Amino acid sequence: MNKKIVKMKNTRTTMQAAVAAALLAGGGSAMAQQAGDWVLGAGWLHFAPQDSSEGLNLTSPVNMHVPGSDAKVSSSDTLGLSAMYFLDSHWAVEGVLGVPPRFKLEGAGSLAPVGELGEARQWSPTLLGKYYFNEGNAAFRPYVGLGVTYVWYSDVELTPGMQNAMGGLLRRPPGSTVTTAKLDSSFAPVFNIGAAYQFDKHWGVSASVSYIPLKTTAKLTTTSAATGAQLGTSEASLKLNPIVPYVAVTYRF
């Protein structure tokens, strides 16, 4: 009788172990990232420019560099959205787009007394190729990425102080001139590193940092407020080189 009881206990223990192993295996496969998976993300996207300026140069009616005319670009926060497609358990392609953040340009050097020079919105959709370390069923997966972004600007506006400063360079009285500005668009590489953690089959989080070597040129045109006649042109080159952290909640399907 005792032998039968022991045998039944051993059989029950074996069955329990088998069920547990099956559940774990099933959970692992459910967590696994594999070819054909889509992952959507939304979260905090921060732009921190590591900026420098080459100063302001008048290009007409004369060519002249304005000494010490530096500028600084403010940092900005926005909502980031991303969509990623897994080619296999390690390689993925991701598109990232932030709600266009607004940046403010502050005067420095000889332009410091002007204060805020202007502002603009930046559009920078990004395409990344990413490689995920660890196996597809691992909850924690570091990754590296390399990609490209196309950057352009809208809603470029100059403050009244900058308007008057530009008119003053052309020896015009305050309020007698209007200066408009355009920022060059360009492609730029994106270097990315981060990690993702999967809570269950669908939900996870991802955190990454990108570096974008980015440069743009602001081209300014000053006209007469009374007649609209062009009085002068100028330009300034800016290196932005932003560091871009992105923290997102992700959903896989």
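The values are calculated or read from the model by the stated rules, or taken from the named source; none is laboratory data. Bear in mind that the values here come from a model prediction, so they are computed numbers and not experimental data. Cβ coordinates were reconstructed from backbone atoms using ideal geometry, including for glycine residues, and neighbour counts include every protein chain displayed.
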### Message
I'm checking my understanding of the structure. Among residues of segment 83-123 that are exposed (fewer than 15 other Cβ atoms within 10 Å of the Cβ) and of a type in the set (A, V, I, L, M), which one is farthest from Pro189 (Cα to Cα)?
### Response
Ala112
### Task
Give the number of residues within segment 166-192 that are more than 20 Å from Ser124 (Cβ to Cβ) and in contact with a strand residue (DSSP E or B) (Cβ under 8 Å, 6 or more places away or on another chain).
10
### Query
Which of (1) modelled with pLDDT of 90 or more; (2) under 30 Å from Thr179 (Cβ atoms); (3) surrounded by 20 or more Cβ atoms within 10 Å (Cβ to Cβ) does Asn57 not meet, given it meets every other one?
(3)
## Note on the structure
Subset of segment 55-79, residues over 18 Å from Glu116 (Cβ atoms) and part of a loop (DSSP other than H, G, I, E, B), comes to Pro61, Val62, Asn63, Pro67
### Task
Out of Gly95, Gly80, report the one residue that is modelled with pLDDT of 95 or more, in contact with a Phe, Trp or Tyr (Cβ under 6 Å, 6 or more places away or on another chain) and farther than 30 Å from Ser224 by Cα.
Gly80
### Task
Would you please list the contacts, defined by Cβ atoms under 6 Å and residues six or more apart or on different chains, that run from a residue in segment 197-217 that is closer than 14 Å to Val151 by Cα to a residue that is among the charged types (D, E, K, R) and assigned to a loop (DSSP other than H, G, I, E, B)?
Thr216/Asp184; Thr217/Asp184
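Yes or no, residue by residue, for (1) within 22 Å of Ser110 (Cα to Cα); (2) in a strand (DSSP E or B); (3) modelled with pLDDT of 95 or more:
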residue	(1), (2), (3)
Ser154	no, yes, yes
Thr180	yes, yes, yes
Phe187	no, yes, yes
Asn192	no, yes, yes
Ala196	no, yes, yes
Ser210	no, yes, yes
Thr222	yes, yes, yes
Ala236	yes, yes, no
Tyr251	no, yes, yes
### Query
Residues of segment 197-213 being surrounded by 15 or more Cβ atoms within 10 Å (Cβ to Cβ) and within 9 Å of Thr250 (Cα to Cα), which ones?
Gln198, Gly204, Val205, Ser206
### Query
Do we have Ser234 as surrounded by 21 or more Cβ atoms within 10 Å (Cβ to Cβ) and closer than 24 Å to Ser154 by Cβ here?
yes
### Query
In segment 43-60, is there at least one residue being assigned by TED's automatic domain parsing to the domain that holds Arg172, over 26 Å from Gln122 (Cα atoms) and of a type outside the set (Ser, Thr, Tyr)?
no
